[in-house]
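This report refers to the structure that appears directly beneath it.
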Amino acid sequence: MTDSIYACYRSKKPAPLEGDLEVWWIPQIPGEAFRWPVPDLVAASLMLDALASYDDFQLAQGVKGDYCNAGGLSVFRDGEWEDWYDEETGDDFDAYRERFYDKWN
């Protein structure tokens, strides 16, 4: 699928910089993760909510028979992508979102 819009985007995406954030989403496990840059934690939360809602919408509309999805947030540190966590509390992004969700909505 080298001629897809997503493949074209990925091939032209600039190299990540220290601290860059990227949402990852696997719409059907096992499967390859869809990855998209986000500017901040609020945008990451909104994108993850939208991707989850879209999968649920597709199920309700009969587009998908079922699904098992997963998603999260990565940060670029020391030349590698790693799972994001709150450096003060050690919370992963799900726990962080639960604490701050009301502030973002």
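The values are calculated or read from the model by the stated rules, or taken from the named source; none is laboratory data. Since the model is a prediction, treat every value here as computed from it, not as a measurement. Note: ideal-geometry Cβ built from the backbone for every residue, glycine included; neighbour counts use all protein chains shown.
Restricting to region 53-85, name every residue that is loosely packed, with under 10 Cβ neighbours inside 10 Å and either in a helix (DSSP H, G or I) or small (G, A, S) (or both). Of everything in region 53-85, those that are loosely packed, with under 10 Cβ neighbours inside 10 Å and either in a helix (DSSP H, G or I) or small (G, A, S) (or both) turn out to be A60, G62, G65, G79. Is at least one residue of region 21-43 in contact (Cβ under 8 Å) with a residue 24 or more places away in the chain, of a type in the set (D, E), surrounded by fewer than 11 Cβ atoms within 10 Å (Cβ to Cβ) and assigned to a loop (DSSP other than H, G, I, E, B)? No: region 21-43 contains no residue that is in contact (Cβ under 8 Å) with a residue 24 or more places away in the chain, of a type in the set (D, E), surrounded by fewer than 11 Cβ atoms within 10 Å (Cβ to Cβ) and assigned to a loop (DSSP other than H, G, I, E, B). State yes or no: is V63 β-branched (V, I, T) and in contact with a Lys or Arg (Cβ under 8 Å, 6 or more places away or on another chain)? No: the conditions fail for V63. Can you say whether V42 is under 22 Å from L17 (Cβ atoms), within 11 Å of the chain's Cα centre (by Cα) and β-branched (V, I, T), as far as the supplied structure shows? Judged against the criteria, V42 is not a match. D102 - would you say it is outside any loop (DSSP other than H, G, I, E, B), among the charged types (D, E, K, R) and at pLDDT below 90? Taking the combined requirement at face value, the residue satisfies it. Of all residue pairs spaced 6 or more apart or on separate chains, those with beta-carbon atoms under 9 Å, a first member in region 84-105 that is farther than 18 Å from G19 by Cα and a second member that is among the basic types (K, R) and at pLDDT 85 or above are W104/R97.
In region 16-70, which residue that is among the β-branched types (V, I, T) and touching a helix residue (DSSP H, G or I) at 6+ places or on another chain (Cβ under 9 Å) is farthest from W81 (Cα to Cα)?
Step by step, filter region 16-70, then rank; the result is V63.
For region 6-20, the set of residues classified as crowded, with 16+ Cβ neighbours inside 10 Å and part of a helix (DSSP H, G or I) is empty.
In region 59-77, the residues that are under 30 Å from G19 (Cβ atoms) reach residues that are of a type in the set (G, A, S) and at pLDDT 90 or above with C-beta atoms within less than 8 angstrom, at least six apart or across chains, in these pairs: N69/A52; G71/A52; L73/A44; V75/G19; F76/G19; R77/G19.
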